[in-house]
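Before any comments, here is the structure.
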Amino acid sequence: MKTIALRFGEHFSPECGTIAAHQEIIDKLGFVWYGKMGTSVSDKVIADIKAADHPQILLIRSGKAERYWAKISEIQHKVPPLSEIPEYYRDTAGTFKTWFKIKEFELAARDVMSKCKVASSGNALGEVSKHSMSPYFIITYDESEVI
């Protein structure tokens, strides 16, 4: 399968943290929109993600060992209704270039970074991410090995 891995930090999140803030909206609405700042994800990559039987993206907490699979149902470039995103980034929603509609978060296996490969090089995500400042990576993975 092909998808992307996104780094996230806790610089601007509320005290509860990024994942918990998004989970609060999932608990209320059954979904939440997760925004990606910076360069937008290409339509080709979006099509690859959507083609999966179980579309998902990998979220990597910068500087920590936490990794989450975010199960997604939609991807778009336009800003969703503000009531469908966490309050802490509603004022900056226009700076996000790609939005992922998440229906569930799942804590990823501890070794997920070694089982996902960066598509451009074939190297393990764990190794590539140590030496790169890139905010996201196009990755491939064997669903039976990482889920």
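Which residue is least open to solvent (accessible area, probe 1.4 Å), if the candidates are limited to the stretch 19-50 and must be among the aliphatic types (A, V, I, L, M) and without any contact (Cβ under 8 Å) to a residue 12 or more places away in the chain? Per the stated criteria, the residue is Ala20.
For Ile72, the requirement of being modelled with pLDDT of 95 or more, open to solvent by less than 70 Å² (accessible area, probe 1.4 Å), within 14 Å of Tyr136 (Cα to Cα) and under 15 Å from the mean Cα position of the chain (by Cα) is not met. Residue pairs whose Cβ atoms lie under 6 Å apart, sitting 6 or more positions apart in sequence or on different chains, and linking a residue in the stretch 102-121 that is modelled with pLDDT of 95 or more to a partner that is part of a loop (DSSP other than H, G, I, E, B), are Lys103/Phe31. Cβ separations smaller than 7 Å between residues 6+ apart or across chains give the following pairs from the stretch 128-145 residues that are farther than 18 Å from Gly9 by Cβ to residues that are part of a helix (DSSP H, G or I) and not acidic (Asp, Glu): Ile138/Val45; Ile139/Leu125; Tyr141/Lys115; Glu145/Lys115.
Looking at Lys117, Lys78, Lys101, which one is among the basic types (Lys, Arg) and surrounded by fewer than 17 Cβ atoms within 10 Å (Cβ to Cβ)? From the options Lys117, Lys78, Lys101, the qualifying one is Lys78.
The values are calculated or read from the model by the stated rules, or taken from the named source; none is laboratory data. Note that the structure is predicted; figures quoted are calculated from it, not measured. Virtual Cβ from ideal backbone geometry, glycine too; neighbours counted across all protein chains shown. These area figures cover heavy atoms from the full protein model, side chains too; ligands, DNA and RNA do not enter into them. Shrake-Rupley method; radii C 1.70, N 1.55, O 1.52, S 1.80 Å.
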